[in-house]
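Heads up, the thing below is written out as structure tokens.
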Number of protein chains: 2
Amino acid sequence: MSQYPRIKRKKTREIWLGPVGIGGANPIRVQSMTNTDTRDVKSTLNQIERLRSAGCEIVRVAVPDERAVSALKDIVRESPLPIVADLHFDTSLGVKAVEAGVSGIRINPGTFKNKKRLDELVMVCKERQVCIRIGINAGSLESEILKRYKTPTPKAMVESALKWINYIVEKFDYYNLKVSLKSSNWWHTVKAYEEFSRISDFPLHIGVTEAGGLITGTVKNTMAVSYLLLKGIGDTVRISLTADPVEEVYVAYEILKNLGLRSLYPDIIACPTCGRCEIDLMGLYKKVEEWARGIRANLKLAVMGCVVNGPGEAREADLGIAGGKGVGLIFKEGKIVKKVREEELLSAFFEEVERFLKEHPERMNQ
Amino acid sequence: MSQYPRIKRKKTREIWLGPVGIGGANPIRVQSMTNTDTRDVKSTLNQIERLRSAGCEIVRVAVPDERAVSALKDIVRESPLPIVADLHFDTSLGVKAVEAGVSGIRINPGTFKNKKRLDELVMVCKERQVCIRIGINAGSLESEILKRYKTPTPKAMVESALKWINYIVEKFDYYNLKVSLKSSNWWHTVKAYEEFSRISDFPLHIGVTEAGGLITGTVKNTMAVSYLLLKGIGDTVRISLTADPVEEVYVAYEILKNLGLRSLYPDIIACPTCGRCEIDLMGLYKKVEEWARGIRANLKLAVMGCVVNGPGEAREADLGIAGGKGVGLIFKEGKIVKKVREEELLSAFFEEVERFLKEHPERMNQ
């Protein structure tokens, strides 16, 4: 039986965010957002580099004021990833952001003040083929629609998105557009995307907004994102966390990997440790995980706490370690290949993994 | 529109684990497992107390040898939670564990050596109405079945579980039984539970085994557990993590809360911070989260980074804070109720929450 669910991906229109294709037959893209002060070019670029090295493909930066726009030019020039400018209230900043060379802008129709200015912005985006995300947020739904629906229901969010998508398509004949429909409630988020996806083939940027911290936010986002991706909905993923944005990238790939949609890092099986465990398994696990974040390969590794059950229980792993008192085992494809002293376990294991990867270059990702 | 999905829970047989009802109309139970050395009674009891205080309702301890059995007696006597003994290989230890007073045992048919000893064990369990979990694990499936299926497929796992359930029911007329069918692959786990649930009405203990560390394990478990619970499958949850077991309890409740199945802690909405944010939102969030883990109430709190969007975007929160430069806002049910200096923001906020809870005692859980 397949390790992964069979997913029939909804066919969406292919769009471009700079060099990155989204929707259509493109892989599901992983993106994040910087949380540095955009005006601080150096810190922002450092964070972008950390995001890129973790596998992030698109990065968004907030553009709250003129000084952020000025910094944007330098950020765009130096960034290894295409930049999306996040705008609120003042669409005239958007025009300047486009002139600074961003590949995409995100606008929230709920915070627009002036429709004429929006037209101007769409026109410069079209001129430069800059991608526009219509980013609906339940917490800031446009007042006209909110008044009619009373609360920001999924249907209300979808209506707002369709209204602006149609406006841009009809008035400007411009199609380099994507949509997000986020609520801090995962179920409303899911329902809004499902509804929109039934009606429109514009690509979708998915995720839960204001989801919370590393753990609670990972739970909410995983619930929504895995639910949607299983139904074939979603073309680019952003996991919002009140945490280091690099973690957003790891969580996104973990979900995609478990759905069989994209593999970047090794998968790590690890037992939760119990009263049978005689080594510091948690310490061992953390070191393996940290190290594995530097490896881009389609690999299954195992970190097991007991030498009796370990190798058997982790039979499906390509390589694994099982710790015992003073001694550890290294196993490969279900067979024990080495017995080493506990202090040498990690270095011997990493060596074995590297040898395995040399023998199996087809396992390397990218 | 409802905040939560409509879930039609599969009707399972009600069983008892000491004073704790599982299945039937009982709430979905949250359980965990100690990772201390069971022979160390004091450390084990300390961990059990931490688990209880986090909302854990059932705790499992490994019983690898005779010395662990001896310690078990003291653990059972002092534990505020019913204890499940985890057994492998040696079922005679199980008899002694039952005599030590545990409320449940977990046996893994894949590791049995001696069927006659199993009969003995079931008999003492029946005498004392001790709950038995048939805990199937893909990594240690019984060899006879594995030989036929070649790999530990979901169907093979279900066959093993049904075989032992039927054996105990038919030979001993004993029904205080539950089942788990775990793989380290979340999709196989889900498929095994779905299949079993179609055939049998014994209650199910759900979770992914060897799921990995705090983040990767949370992702895998959330995918499987939320998928199953949405389909009405699952009566007790254990989130296996290679981490502090207390985190397993928080993750379990976070999933249950987002499905509208159980509420224990406040829900926290928090923005992910961006270049618009002028305060240390992550620090603020962590303090609110830590504090909220001590509150058992059905509450929605918000921690927002900007005073402009914050109160609006977190409109649905009961209470929230929005930080600005040097100053913070406290809002209640969408309205700003206080403006305080940044240093006083947290204490003023906690005061407001406590006042709110005094005014709304119906919001308190338990």
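The values are calculated or read from the model by the stated rules, or taken from the named source; none is laboratory data. The structure displayed is predicted, hence computed values, not measured ones. With ideal geometry, Cβ positions are generated from the backbone for all residues, glycine too; neighbour counts draw on all protein chains shown. We work out accessible area using only protein heavy atoms, side chains counted, and drop any ligands, DNA or RNA first. Shrake-Rupley method; radii C 1.70, N 1.55, O 1.52, S 1.80 Å.
Results, tabulated for the structure shown:
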item: Some residue of the stretch B:108-116 being of a type outside the set (A, V, I, L, M, F, W, C), under 23 Å from the mean Cα position of the chain (by Cα), under 29 Å from B:Arg77 (Cβ atoms) and within 14 Å of another protein chain (Cβ to nearest Cβ); result: yes
item: Any hit, the stretch B:158-172, residues being open to solvent by less than 20 Å² (accessible area, probe 1.4 Å) and within 14 Å of chain A (Cβ to nearest Cβ); result: yes
item: Close pairs from the stretch B:350-366: first on the phi < 0 side of the Ramachandran plot, partner of a type in the set (Asp, Glu), Cβ under 7 Å, at least 6 apart; result: B:Phe356/B:Asp318
item: Qualifying residue in the stretch A:218-233 (condition: open to solvent by 10 Å² or more (accessible area, probe 1.4 Å) and within 9 Å of chain B (Cβ to nearest Cβ)); result: yes
item: In the stretch A:323-366, residue surrounded by the fewest Cβ atoms within 10 Å (Cβ to Cβ) [restricted to those that are part of a strand (DSSP E or B) and of a type outside the set (A, V, I, L, M)]; result: A:Lys335
item: Residue selected from the stretch B:4-40 under the condition without any contact (Cβ under 8 Å) to a residue 60 or more places away in the chain and over 15 Å from B:Asn176 (Cα atoms), by the criterion nearest to the other protein chains (Cβ to nearest Cβ); result: B:Thr38
item: Strands (runs of 3 or more DSSP E) contained in the stretch A:1-44 and holding at least 3 residues open to solvent by less than 40 Å² (accessible area, probe 1.4 Å); result: A:20-22, A:29-33
item: Residue in the stretch A:137-157 that is basic (Lys, Arg) and open to solvent by less than 60 Å² (accessible area, probe 1.4 Å) present; result: no
item: Test for A:Thr242: is it in contact with a helix residue (DSSP H, G or I) (Cβ under 6 Å, 6 or more places away or on another chain) and touching a residue at least 24 places away in the same chain (Cβ under 8 Å); result: yes
item: Pairs with Cβ under 7 Å, 6+ apart, first in the stretch A:179-202 and over 19 Å from A:Gly110 (Cα atoms) and within 11 Å of chain B (Cβ to nearest Cβ), second outside any helix (DSSP H, G or I) and not aromatic (Phe, Trp, Tyr); result: A:Trp186/A:Val208; A:Trp187/B:Gln3; A:Trp187/B:Pro5
item: Unmet requirement for A:Val246, which otherwise passes all of (1) surrounded by fewer than 24 Cβ atoms within 10 Å (Cβ to Cβ); (2) facing another protein chain (nearest Cβ under 10 Å); (3) not hydroxyl-bearing (Ser, Thr, Tyr); result: (2)
item: Odd one out for A:Arg315 among (1) open to solvent by less than 80 Å² (accessible area, probe 1.4 Å); (2) within 22 Å of A:Tyr265 (Cβ to Cβ); result: (1)
item: Any hit, the stretch A:251-261, residues being in the same structural domain as A:Gly207 (by TED's automatic domain parsing), modelled with pLDDT of 90 or more, open to solvent by less than 10 Å² (accessible area, probe 1.4 Å) and on the phi > 0 side of the Ramachandran plot; result: no
item: Failed item, numbered, when B:Tyr175 is tested on (1) out of contact with any strand residue (DSSP E or B) (no Cβ under 9 Å at 6 or more places or on another chain); (2) in a loop (DSSP other than H, G, I, E, B); (3) of a type outside the set (Lys, Arg); result: (1)
item: Residue match in the stretch A:138-149 (condition: closer than 25 Å to B:Cys274 by Cβ, touching a residue at least 24 places away in the same chain (Cβ under 8 Å) and more than 14 Å from every other protein chain (Cβ to nearest Cβ)); result: no
item: Qualifying residue in the stretch B:102-110 (condition: hydroxyl-bearing (Ser, Thr, Tyr), surrounded by 18 or more Cβ atoms within 10 Å (Cβ to Cβ) and at pLDDT 95 or above); result: yes
item: Pick from the stretch A:276-317, criterion part of a loop (DSSP other than H, G, I, E, B) and among the charged types (D, E, K, R), ranking: farthest from the other protein chains (Cβ to nearest Cβ); result: A:Arg296
item: Check on B:Glu354, of a type in the set (Asp, Glu) and touching a strand residue (DSSP E or B) at 6+ places or on another chain (Cβ under 9 Å); result: no
item: Restricting the stretch A:41-54 to residues that are in contact (Cβ under 8 Å) with a residue 12 or more places away in the chain and basic (Lys, Arg), the residue that is nearest to A:Pro80 (Cα to Cα); result: A:Arg52
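For (1) in the same structural domain as A:Arg293 (by TED's automatic domain parsing); (2) small (Gly, Ala, Ser); (3) more than 25 Å from B:Cys306 (Cα to Cα), each residue gets a yes or a no:
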| site | (1), (2), (3) |
| --- | --- |
| A:Pro5 | no, no, yes |
| A:Gly21 | no, yes, yes |
| A:Glu49 | no, no, yes |
| A:Ile58 | no, no, no |
| A:Pro64 | no, no, no |
| A:Asp86 | no, no, no |
| A:Ser92 | no, yes, no |
| A:Pro109 | no, no, no |
